[in-house]
Structures are given as C-alpha cells and as structure tokens.
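Enquirer: The structure under discussion is supplied below as structure tokens; questions concerning it will follow.
The values are calculated or read from the model by the stated rules, or taken from the named source; none is laboratory data. Everything numeric here is computed off the predicted structure, so don't read it as measured data. Quick reminder, even Gly has a Cβ in these numbers, built from the backbone with ideal geometry, and neighbours come from all protein chains shown.
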Amino acid sequence: GVGFSDAVYAFCQFIPDPQFDIKSIYINDFEWKKFVRRVKQNNILVHLSIPNGKLSKDEEKRLGLVCHHAYTLIDAVEASGVKLLHIRNPHGGEVWRGKFSAWDKTNWNQALQSATGFAPVGSEEEYEKKKDGTFWISVSEAQQYFDHGSINWNPDLFRFKQEVHMVWKQEHQMLSTKELRNRYAPQYLIFKRSKEQKIWILLNRHYQSKVSDYEQLKSKDKERIKINMTLCKYENPEQFPYLQRVIHRLANSTLPLPYIGSHFQLFQIGLFDEDIHQTKFNEPGLMDELKPIAKVQEFVKDYVGWFSIRLGVYEVPKHGQGELRFSMYVFSDQELIQPVRIKIHHECEVDVDAHWSEVPMLEFNNVGITAEKRSWEDKTGNQLMQVFTKAFDSEITGEAFYRVARYLLGTQIDLILTPNSGADKYGEKMEIWQEWSNNIEGGIYFDEVENAQDVIVNVGVGGYCPITLYDDQWIVKGIAYRTKNLKKEKVGQSEQVVVRKRTVRVIPFTYPKNWNCRSAFTLQSIGPEGYDVQFEQRRGPWQIMTNELAWTDTIKAEQGARLNNGPRFNLFYILKTSAATDLHIHIIAIQRTSNQFCPQLQFSVVKLSGPKLVNEDAIALRLIGASEKSGWGNNKTEGWVLSHSGQGTLDNSDAYYGICVSAR
C-alpha cells in the first residue's frame, strides 16, 4: 500500500522526488553522470523495480530477477566504456544470472574489477554461500527489465528548513471551475533571497485512512486524487504583496507542475550538479519527465523576492473525500522566512451582494409598451438576437448592438474610493472578483469614472466612463477576475497617481441567453491600499419610468464625407404625449467603418411652441460613452459606437416637441 519513497521519508526524512524517471539515466549520458556523482556522495537513496507481469515465472527463475519487488541501489560505476549498477535484493536469495553476474568470468576484466572492487567467484554454487542478495548488472541490461525507479534526496543538502500544515476543505475542493477552486485553495507566500538560492518545496498529502490507496480505488465511491502546486510571481516581488491571493492562470506569472496521484510533489528551484550539464527546457532530446523541472529553472532564474505556492486539484472529486490534510516542507541552502499563509478573505475585502438589473423592453418600433414580460424572452437568447437582426436588417449589426447594449443598458455598480486620512500608504492597484451563481457565465469590465459627481441614491454616480467592448472570450464560468491600476495624472513634468476620491464603475456582461436574468451574484473588491470603499448599484431610467418607446433608424453620410470635420447629417422626430411627463432619451449610434473615427453624435429636444433645450437644466441621470476597435464580421472592418443620453421634463401635454439627432 505505501510506496518506497513514502516509507523512506517516513523513516529517515529523505526527500521524495516523484518527478524522477529511471529511464533518464539509461538514455541520457549527462543524467547518468549526475546520477553517479549523487550516488557516490550519498546525496540520494535509489530504489528499482520490475513491473508486475513483465517476466514469466520461468523467466524470473532463469534471470534471477523478481517482478513487483523493491530493489535498492548500492553503487553506480563507469569504467572501460561500461556502465554498471550495484543492486541489492533486500530479501537475499535470488540474484542476477546474466552478463556481469557474480560468476561471469568472461566480462569482468581487470579494469572493471579495479573500478568496482569486485572479483567474480568460481561458480554460482560458490556465490550461493554468501546469500547477501547483491549483484552487478550493466545499464544496457538493466534498462531491459528495471522500468521503474525512484529516488529520495538527502536532507543534509539543505541547511535550512521550514514547515507548515494545512487543511483543504471539501466544499472548496469541489467547486465547479479551476478559477473558483484557485480562489479558495491553500496558498502560501515564500521569500527568495537571491538568484542563486535553492528552494525545494515538498508537499505531502497525508494518509487519512487505514486502507491503502490501492484498496480504496477498488471501491466505486473512491477515486484517485491528483494534486499539483503552482508557483505565482508578483509584479514587485521585493515588496511584501498587498494583493496576495492569485486565482488566474496567466502564463507569464504562474507556472504549474503536472498533476500527479502521488502523496508527494516536489517543486525544485535550483538544481544540483548543473556543472556537469545545465538542464534547459529547449534542449533537444530532453525527456518529457525533465521538462517541468527545466521549465521551473527558466521561469525563476532571475527572480528575487516574494512568490506564492498554490495547491490545485485536477478534477472535481465525484465523491466527497472529506477535508484533505497537507504538510508543506521548504528546504533551502540559504536562510528562510517562515512561509506566510494567504488568507481566503483579504482584510480589506469589500463584498458586494448584487444582482443582474432589469433591462429595457427593447420592443422596437412599438409605442406605449408597458408589459412586464418581454416578447423576446427565452432560455437560449435566440429570440432576442432575432429581434435585433430584424430591427437593424442585419445579423452583424444586430450582434454589434447587443455587444454595446449589454454594457450600456445592463447592470452597473459604482465603487466609491475615498482615501483614508489615517493610512500610512496609498496603493495604486485593485482587484475585482465576481462569483456567478445559478449556472450563469459572465465577464466583468471596470474603469474609472471621469468627472464623477456625488452619489444619487438608487441612481449612482454621474460622470463619464469610457468602455472597452470585450468579446465573448472574456465570459467565464464560476468566477471572473480582473485587476486595475488607478489612472495617472500629469503633475509637473511627470505622471503619477494622485491620492484623491475616485469612482470605479463595474459592468458585468453575459451571453444573450442570460440577458433578462435577475439572479444574485457576489462582487468582491480589494484595494487600493489606503482607501475606504463604498458601493452603489446603479438604476437605469427604465427601472423607474412606466412607458418605453424604442426605434431604430439610419443616418447616411455622403460618400467621401470626412467624419472628423465634415458636414453634419440630421434626423428629426416629432414627439407628443398625453400628459406632462418626465422624459429620458438614450441614443446608441453604431457605425461600421474601416477608419478610426468615432461618430460625433448630438441630440436636442425642442418645444416647438417656443424653442428651449430640455437638457440645459436637467440632472445628468445617465451619461455613458463607449468606443470600440475590434473586428466585425469576416472582413475585419473596425466598428465604432457612441452613446449619449439626457433627461428632462415635458411640462405641457398640449405642445409638440421636436427631437433632432445629429451626427457625422
């Protein structure tokens, strides 16, 4: 039930190396030379075995070898172009009967006898009198039979050691996505003092049953758990990180080891015997088993400072295993700081219990719509896209409109950041995590609001927020995660982040099938350091008003007209209501163009009995702008969008009002 490496570690604390593959010394001369030195210097303990069933009983008797049996390595020697292994059968008795056996007088020349200190005996019968189970075998012969092997490293190679013990709760192991599991997985901070420092991190998953793993696998309710460790780097590693917990899998800042079913995993930063040959990831012929080790060295070769280690599980366990218990041992040739446990919840974390907001009716070209149920509601979103395609006479334009509408007309949350006067330090970076529920998939966008105004309850912060229209690749299951650096301002001759009150607008977005969803979700905000954070979920005017009119139209420019300074083109509409009413107008203009000019859009409402702009004294309830530069359709043209809105009052039901929409 317990493997050789596990037993060796339990008895004498020699460090198991589950990445080791005995085949590396058979086929790679550099690995053989390293192996010989390590054996000679007592830096490793080695076990070898023959897979069960590889030899028949007759072959076992003829060769003197036993399948599925743990052999130990005593020595490794190379002389006269021959590589030899000195092996012991701990049970004594059967020994190798082939080439270089103890009674082989043909192959044991004087040079080999001198190098090994061994002299063959006269006959097999004479050797039987010793019965110590030791024998010599050439590497070329060994590789035909000994397919399996493991090593344990001598802990005396390292002067310094730290250890921590942890529990991974069952509910956190069984979360649906890797990002969610990363969010709640055990994570620890470790400090690397220099480029040359060797740091080996051994993760030990405890045995938590009297029944062996092999026996447990026979049960339908048990399964093999595969665990790994991921190394995570930070932007400013020499400073203790404020934002510590890492949930993403970015290739330039995280490096995972392969998932393995062993109870041990070893993360090796810095290798021994590299003077013989340096292990490089891009080295031709490098064995797959050595590539993760080589990749680690490349990943951290110039890195100094804080990094974190994060645990991972390969698949969500189908059957609950209960909590998993671990010990993590950190070995080094230089002094170590005690690893720092990263808390699941940051001390400055702000949890926002939010929900997907109501959206407009979007019953295009229908008047006076007050129905509570939208005609395009379905569980797939297909009807919604059909409505948009019909409204714009184009599937591409309909899809483009949805990509805009889900930002401008969807859910929006304002985070108000206020500098804490008692803070010693003010940070420049913040994180947003958003956990989805009810099988919703989504992404998040957030940016600072320019010219932010005071908060209006149930409305939010006024001001302008530029929006980058992300495509569907940013939509994920489980949890969406983004980081944001505060905007810099010009101060004197340089640009820097000014400590002041700010507002950040968070906009979640999703697929059309979830457009009319009202379910709750959790938004978690951390940072920036030194700021107090409050939040307000914004309300759109369609959540307040009782009637809605939606229509589509087209402004066509003359061919060759310049978009930046050419003539304006106008559309006019006549509006009359049955009673005095508040009015909110929101116009979204989409332009399909190959140049980089955003439509310059304006609109005004005029009382025809006496011209007056309603917008002049109106409160800016919702003023949003957006621009996009990304491919539309297959021809890779660039689409641009601009949104503008305003609110006022129509105070006379007898009057007619004119709406002018102007664009170029």
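Enquirer: Looking only at the stretch 489-515, how many residues end up being polar (S, T, N, Q) and surrounded by fewer than 17 Cβ atoms within 10 Å (Cβ to Cβ)?
Expert: Counting residues in the stretch 489-515 that are polar (S, T, N, Q) and surrounded by fewer than 17 Cβ atoms within 10 Å (Cβ to Cβ) gives 3.
Enquirer: Of the residues VAL498, VAL506, which is within 22 Å of GLU349 (Cβ to Cβ) and in contact with an Asp or Glu (Cβ under 8 Å, 6 or more places away or on another chain)?
Expert: Exactly one residue qualifies, and that residue is VAL506.
Enquirer: Assess whether ASP6 counts as being out of contact with any helix residue (DSSP H, G or I) (no Cβ under 7 Å at 6 or more places or on another chain), acidic (Asp, Glu) and closer than 23 Å to LEU257 by Cα.
Expert: It is true that ASP6 is out of contact with any helix residue (DSSP H, G or I) (no Cβ under 7 Å at 6 or more places or on another chain), acidic (Asp, Glu) and closer than 23 Å to LEU257 by Cα.
Enquirer: Go through the stretch 538-547 and give me each residue that's surrounded by fewer than 18 Cβ atoms within 10 Å (Cβ to Cβ) and either modelled with pLDDT of 85 or more or aliphatic (A, V, I, L, M) (or both).
Expert: Once the filter is applied, which keeps residues that are surrounded by fewer than 18 Cβ atoms within 10 Å (Cβ to Cβ) and either modelled with pLDDT of 85 or more or aliphatic (A, V, I, L, M) (or both), the stretch 538-547 yields ILE544, MET545.
Enquirer: A further question follows. Look through the stretch 312-338, keep the residues that are over 25 Å from THR279 (Cβ atoms) and buried (at least 20 other Cβ atoms within 10 Å of the Cβ), and return whichever of them is nearest to the chain's Cα centre (by Cα).
Expert: Selected residue: VAL313.
Enquirer: Still on this structure, please answer the following. Specify the residue that is nearest to LEU255 (Cα to Cα); the eligible residues are those in the stretch 301-314 that are modelled with pLDDT under 95 and not in a strand (DSSP E or B).
Expert: Looking at residues that are modelled with pLDDT under 95 and not in a strand (DSSP E or B), I get LYS301.
Enquirer: Here is a further query. Out of VAL352, VAL404, which single residue is part of a strand (DSSP E or B) and either out of contact with any His (no Cβ under 9 Å at 6 or more places or on another chain) or assigned by TED's automatic domain parsing to the domain that holds ILE247 (or both)?
Expert: VAL352
Enquirer: Next up: Going through PHE30, PHE14 one at a time, which residue ends up being surrounded by fewer than 18 Cβ atoms within 10 Å (Cβ to Cβ) and in contact (Cβ under 8 Å) with a residue 24 or more places away in the chain?
Expert: Answer to the check: PHE30.
Enquirer: Suppose we filter the stretch 507-520 for residues that are under 20 Å from the mean Cα position of the chain (by Cα) and either over 22 Å from LEU415 (Cβ atoms) or among the hydrophobic types (A, V, I, L, M, F, W, C) (or both); how many remain?
Expert: Residues meeting the conditions: 1.
Enquirer: Follow-up question, since we're still on this one. If you take the residues of the stretch 586-617 that are over 41 Å from the mean Cα position of the chain (by Cα) and of a type in the set (A, V, I, L, M, F, W, C), which of them is modelled with the lowest pLDDT?
Expert: The selected residue is LEU613.
Enquirer: Considering only the stretch 69-103, how many residues are among the small types (Gly, Ala, Ser) and closer than 18 Å to TRP32 by Cβ?
Expert: 4
Enquirer: In this structure, does GLU215 turn out to be loosely packed, with under 14 Cβ neighbours inside 10 Å and at pLDDT 95 or above?
Expert: Against the criterion (loosely packed, with under 14 Cβ neighbours inside 10 Å and at pLDDT 95 or above), GLU215 does not qualify.
Enquirer: Another question about this same structure. Restricting to the stretch 308-355, name every residue that is of a type in the set (A, V, I, L, M, F, W, C), touching a helix residue (DSSP H, G or I) at 6+ places or on another chain (Cβ under 8 Å) and more than 27 Å from TYR531 (Cβ to Cβ).
Expert: VAL313, VAL316, LEU324, PHE331
Enquirer: Report, by residue number, each residue of the stretch 394-440 that is buried (at least 19 other Cβ atoms within 10 Å of the Cβ) and in contact with a Leu (Cβ under 6 Å, 6 or more places away or on another chain).
Expert: Selection gives ARG403, GLU431, GLN434.
Enquirer: Whether any residue in the stretch 525-536 is assigned by TED's automatic domain parsing to the domain that holds CYS465, surrounded by fewer than 21 Cβ atoms within 10 Å (Cβ to Cβ), closer than 22 Å to GLU441 by Cα and in contact (Cβ under 8 Å) with a residue 40 or more places away in the chain is what I want to check.
Expert: Checked the stretch 525-536: no residue is assigned by TED's automatic domain parsing to the domain that holds CYS465, surrounded by fewer than 21 Cβ atoms within 10 Å (Cβ to Cβ), closer than 22 Å to GLU441 by Cα and in contact (Cβ under 8 Å) with a residue 40 or more places away in the chain.
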